[in-house]
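Take a look at the structure set out below.
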Amino acid sequence: MNRHEAIDGIVIRVRDTGDHDRYLSLLTASKGRITLLSKGSRSLRGPQMAVSQLYTYGNFEYYRRGDFYILKGGTPIQPFYALSLDIDRLNLATYLCDVAGEVSDEGEEAEELLRLLLNSLYALSRDLYPQELIKAAFEFRTAAISGYEPDLHACARCGKAPEEDLYLDVMNGALLCSECLHRGGMTATKVRDDYGEIHEAELLSPLTPSACAALRYCLSAPIERIFAFDLTEHEDLHAFCTAAQSYLLSHLGRGFDSLNFYHSMRESSAPKKER
Ligand SMILES: [Zn+2]
């Protein structure tokens, strides 16, 4: 007799197999990432169809057969339908789920990451905050959760905490002030948005005081409040977003097709939205 189990999780990836079946990658709090085989979920009558969709957060019932976990049924808790109403939201959701899949492991608890992902998708689906802000806060906190928490208290070389002209030293997870930068005969490497261009050992992302404060906030805020800050000036938001993305991608050592796709669609749709 197979023992049935149930677990709450969110579908972060689906991969179709055969004519009717689908593998679901779930992110869960207690077991990290797990993969379930959802049999018949692609036919309209499949009893598991309701919980076999991407971005569905739900309770999943399954049993083990050999090396596989087979989905038996489940109940959606939060299907995030509103994500599919807007192409940019959907593309960003794909990227956030890809990142969550990359930094999670099978059998390793992922409670904080799961709560961060759920809060991000909720904010995204309801348009509660600017997409750039949601994305960057998610990226920076995810880096910290994954063991790359930077020290943003003061300049790592002189110990001063000047209000202006700070840089995020991406590879060392530290701050650098402009005095130390120039004293060391260094020049700031311009951080490129495209990860493919990043190949410098010294990546220094320029920060405004507000952007630096926002990065600090993202590290310490309760997950439920992580987006509750304002960056109204374009310069501040840009510095914050560039630093967060560079920081995460540099430490993961990879880029994401879903991220490139999100950026390319945003660029191509931006002029239309302004009209
Ligand atoms: Zn310094």
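The values are calculated or read from the model by the stated rules, or taken from the named source; none is laboratory data. Predicted model, so just to flag it, every value in this text is computed and none were measured. Glycine also receives a Cβ, built like all others from the backbone with ideal geometry; neighbour counts cover every protein chain displayed.
Contact list please: Cβ distance under 7 Å, first residue in segment 158-171 and over 18 Å from H238 (Cα atoms) and part of a loop (DSSP other than H, G, I, E, B), second residue small (G, A, S) and near the ligand (Cβ under 9 Å from one of its atoms), pairs at least six apart or on different chains.
Close Cβ pairs (under 7 Å, with a partner that is small (G, A, S) and near the ligand (Cβ under 9 Å from one of its atoms)) amount to K160/A154; A161/A154.
Determine whether Y129 is surrounded by fewer than 21 Cβ atoms within 10 Å (Cβ to Cβ) and either away from the ligand (no atom under 16 Å from the Cβ) or of a type outside the set (A, V, I, L, M, F, W, C) (or both).
Values: surrounded by fewer than 21 Cβ atoms within 10 Å (Cβ to Cβ): yes; either away from the ligand (no atom under 16 Å from the Cβ) or of a type outside the set (A, V, I, L, M, F, W, C) (or both): yes.
The answer is yes for Y129.
Identify, by number, the condition in (1) assigned to a loop (DSSP other than H, G, I, E, B); (2) at pLDDT 95 or above; (3) more than 23 Å from L121 (Cα to Cα) that F227 doesn't meet.
Failing condition for F227: (3).
What's the number of the condition D88 fails, among (1) part of a helix (DSSP H, G or I); (2) free of Cβ contacts under 8 Å to residues at least 60 places away in the same chain?
(2)
Is it true that D151 is more than 8 Å from the ligand (Cβ to nearest atom), assigned by TED's automatic domain parsing to the domain that holds H238, at pLDDT 90 or above and charged (D, E, K, R)?
Details: more than 8 Å from the ligand (Cβ to nearest atom): yes; assigned by TED's automatic domain parsing to the domain that holds H238: yes; at pLDDT 90 or above: yes; charged (D, E, K, R): yes.
For D151, the condition - more than 8 Å from the ligand (Cβ to nearest atom), assigned by TED's automatic domain parsing to the domain that holds H238, at pLDDT 90 or above and charged (D, E, K, R) - is met.
Test each condition in (1) in contact (Cβ under 8 Å) with a residue 24 or more places away in the chain; (2) in a strand (DSSP E or B) for A154 and report the one that comes out false.
Evaluating A154 over (1) in contact (Cβ under 8 Å) with a residue 24 or more places away in the chain; (2) in a strand (DSSP E or B) leaves (1) as the failure.
Residue-wise test of (1) under 20 Å from L37 (Cα atoms); (2) at pLDDT 95 or above.
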| site | (1), (2) |
| --- | --- |
| G58 | yes, yes |
| G74 | yes, no |
| F80 | no, no |
| L85 | no, no |
| D88 | no, yes |
| N91 | no, yes |
| D98 | yes, yes |
| G101 | yes, yes |
| A110 | no, yes |
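For L237, all conditions in the list (1) part of a helix (DSSP H, G or I); (2) at pLDDT below 95; (3) closer than 18 Å to P130 by Cβ hold save one; what is the number of the exception?
Among (1) part of a helix (DSSP H, G or I); (2) at pLDDT below 95; (3) closer than 18 Å to P130 by Cβ, the lone unmet condition for L237 is (2).
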